[in-house]
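S.K.: Next up is a structure, given as structure tokens.
The values are calculated or read from the model by the stated rules, or taken from the named source; none is laboratory data. No experiment lies behind these values; they were computed from the predicted model shown. Here Cβ is always computed from backbone atoms with ideal geometry, including for glycine, and neighbour counts include all displayed protein chains.
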Amino acid sequence: MSTTLHFHKYQGTGNDFVMLDDRAETFDAADHALVRHLCDRRRGIGADGLILLRNHPEYDFEMVYFNADGHLGSMCGNGGRCTVAFARQLGVIETETHFLAADGPHEARIDADGTVHLRMQDVAGQQPLEGLGVFLDTGSPHVVRLQAAGTLAELNVFAEGRAIRYGELFHEKGTNINFVEAPAAPGQPWQVRTYERGVEDETLSCGTGVTAVALAASQHGATSPVHLRTPGGDLRVEFQTQPDGSFQHVYLIGPATRVFEGKIDVA
Ligand SMILES: N[C@H](CCC[C@H](N)C(=O)O)C(=O)O
């Protein structure tokens, strides 16, 4: 028997998501094949990930995030902003919220122009990775690798990212990898391209990734707020550095846009 699923499509700086209002909890979160199908750009709707908005007794809502490979992911920053915008569209929240995601509670607020300020979890310091860069966990695991000036545009992010993601350091759990170019002049943004685990490709933007880049950039003299440019658009990250090298009051700030809604037949 085939059924019809009502969905919304959102994107945040080009990182795109199928959003489902699952307050009635009718979606089977263990159905990896269905999630994969809905995210398939040829046979399904097409997205980097899928998000369920569910009720939660202690929060305004719960965000359940899956990568395009059909498996539950860790935190998704762009998806988090989109879920906040979706919650407002549904009338679940107004302009401020407290919600639950895979890595714990988050606060967020939406400006009049639609910009979403999403508070991320506090971040423990960064770990150096010999010859590779640094590692940070911003709700999802991220390698940050600094590139020489003028080399980012031509970099083969798919091949280089894949080699690190499946390399001996990370192959079991994998990681996301952010390739970064420092600003050429003061006032210009840090440029970032990201290979995403779970999508297993370069995406146009990664929110937890640019958060990791901003925090790592603070070791190279960047101060909050840090402006970042991804192939999909610009984001801003604010934070406070603690004396022990950890980071608190971390905010990911940027757009979250509803693109369309529709119905899809599923087996
Ligand atoms: N695109 C997401 C990151 C998803 C993390 C995911 N790729 C994983 O490692 O589970 C973001 O905007 O933060």
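S.K.: Do we have Ala214 as modelled with pLDDT of 95 or more, within 15 Å of the ligand (Cβ to nearest atom) and more than 24 Å from Ala47 (Cα to Cα) here?
M.R.: It is true that Ala214 is modelled with pLDDT of 95 or more, within 15 Å of the ligand (Cβ to nearest atom) and more than 24 Å from Ala47 (Cα to Cα).
S.K.: Considering Val84, Val123, Val92, which residue is modelled with pLDDT of 95 or more, aliphatic (A, V, I, L, M) and within 22 Å of Gln240 (Cα to Cα)?
M.R.: The match here is Val123.
S.K.: Shifting gears a bit: Which of the residues that make up the stretch 186-211 are near the ligand (Cβ under 10 Å from one of its atoms) and among the aromatic types (Phe, Trp, Tyr)?
M.R.: Tyr195
S.K.: Do any strands (runs of 3 or more DSSP E) entirely within the stretch 118-185 hold 2 or more residues that are within 14 Å of the ligand (Cβ to nearest atom) and in contact (Cβ under 8 Å) with a residue 24 or more places away in the chain, and if so, which?
M.R.: Hits in the stretch 118-185: 133-137, 141-146, 176-181.
S.K.: Just checking: which of the strands (runs of 3 or more DSSP E) contained wholly in the stretch 12-101 hold 1 or more residues that are in contact with a Leu (Cβ under 6 Å, 6 or more places away or on another chain) and either surrounded by fewer than 24 Cβ atoms within 10 Å (Cβ to Cβ) or charged (D, E, K, R) (or both)?
M.R.: Per the criteria, 15-21, 49-56, 59-67.
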